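Shown next, in structure tokens, is the structure this report addresses.
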Amino acid sequence: MLILKQYGVTLTRIQEKDIELIRYWRNQSDIVNFMEYKNYIFPESQKKWFASIDNKLNYYFIIEFENKKIGLINVKNYDRIAGFGEGGIFIWDKNYIGSFAAVFSSLCLLNFMLLKVNVCSKSRVRILSNNDRAIHYNKLLGYKLLQDQEKEINQLYELDVKDYVLMGEKLNKAAQALADDTSLIYYGEVSEKNIDEINALLIRKTI
């Protein structure tokens, strides 16, 4: 278990008990429309997916805001040599689409992964070229479209940690003015499903 909190958002790393909730929302048409994979996801496929990401290279979190489970956010396929993981987020609760909840969640996760754990030099995201809301949202965080991606359907964007230090400072200041619980809080159990750097942070928290 790994839990992150900041700006009124709680990010709880998913467990097997969460996968049916995720599958239900991931199969909704208004979510599927903005995903590269559009086939219906059956329970057995969902179990196989969870088995493939339940490890130290992938971090998927349920987003909780105002005591409601409203979405999913992740860093996946962490590559230590290349120094990056691939991010993603979707908000399934329509009451929070376009709200500060998504920004707060992204700041919380980026602050932890890029600034606290401090093993990534960049972050990447893939966005469908017709998903204007996600493009605007990720550019706000500092992501930039990579070269030769203009004609791709599923475009690759990258955020350099140096750019995030600059953009993140502004966004974090804005978030601090809008939200309570501005300090980044993290806790959980030392696990073989965490990279060593995360386990080291968790150990220091308990000493």
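Checking 123, 106, 183 one by one, the residue that is closer than 22 Å to residue 77 by Cβ and not in a helix (DSSP H, G or I) is 123 and no other. Please go through the range 88-116 and give me each residue that is out of contact with any strand residue (DSSP E or B) (no Cβ under 9 Å at 6 or more places or on another chain) and either small (Gly, Ala, Ser) or within 19 Å of residue 199 (Cα to Cα) (or both), ordered by number. Residue satisfying the conditions is 115 alone.
For the range 16-73, a residue qualifies if it is among the hydroxyl-bearing types (Ser, Thr, Tyr), modelled with pLDDT of 95 or more and over 17 Å from residue 88 (Cβ atoms), and the qualifying residues are 24, 40, 45.
One line per residue, one yes/no per condition, for (1) exposed (fewer than 15 other Cβ atoms within 10 Å of the Cβ); (2) farther than 22 Å from residue 13 by Cβ:
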position: 112; (1), (2): no, no
position: 118; (1), (2): yes, no
position: 134; (1), (2): no, yes
position: 150; (1), (2): yes, yes
position: 155; (1), (2): no, yes
position: 160; (1), (2): no, yes
position: 164; (1), (2): no, no
position: 174; (1), (2): yes, yes
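Among all residues of the range 161-183, there is none that is under 15 Å from residue 88 (Cα atoms) and either touching a residue at least 12 places away in the same chain (Cβ under 8 Å) or over 16 Å from the mean Cα position of the chain (by Cα) (or both). Tell me which residues, restricted to the range 35-49, are under 28 Å from residue 100 (Cα atoms) and touching a helix residue (DSSP H, G or I) at 6+ places or on another chain (Cβ under 7 Å). Correct list: 38 only. Screening the range 1-62 for helices (runs of 4 or more DSSP H) wholly inside it with 1 or more residues that are β-branched (Val, Ile, Thr), more than 15 Å from the chain's Cα centre (by Cα) and crowded, with 18+ Cβ neighbours inside 10 Å returns the ranges 19-26. Scan the range 142-164 for residues that are in a helix (DSSP H, G or I) and more than 25 Å from residue 187 (Cα to Cα) and jot them down. 162, 163 - these are the residues of the range 142-164 that are in a helix (DSSP H, G or I) and more than 25 Å from residue 187 (Cα to Cα).
Looking at the range 63-86, which of its residues are of a type in the set (Gly, Ala, Ser), under 21 Å from residue 198 (Cβ atoms) and either within 13 Å of the chain's Cα centre (by Cα) or assigned to a strand (DSSP E or B) (or both)? 85, the sole residue that qualifies.
Here the condition is being in contact (Cβ under 8 Å) with a residue 40 or more places away in the chain, in a strand (DSSP E or B) and of a type outside the set (Ser, Thr, Tyr); of 112, 90, it holds for 90 alone.
The values are calculated or read from the model by the stated rules, or taken from the named source; none is laboratory data. Here the structure is a predicted model, which is why all the values come from computation and not from measurement. All Cβ positions, even for glycine, are placed from backbone atoms using ideal geometry, and neighbour counts span all protein chains on display.
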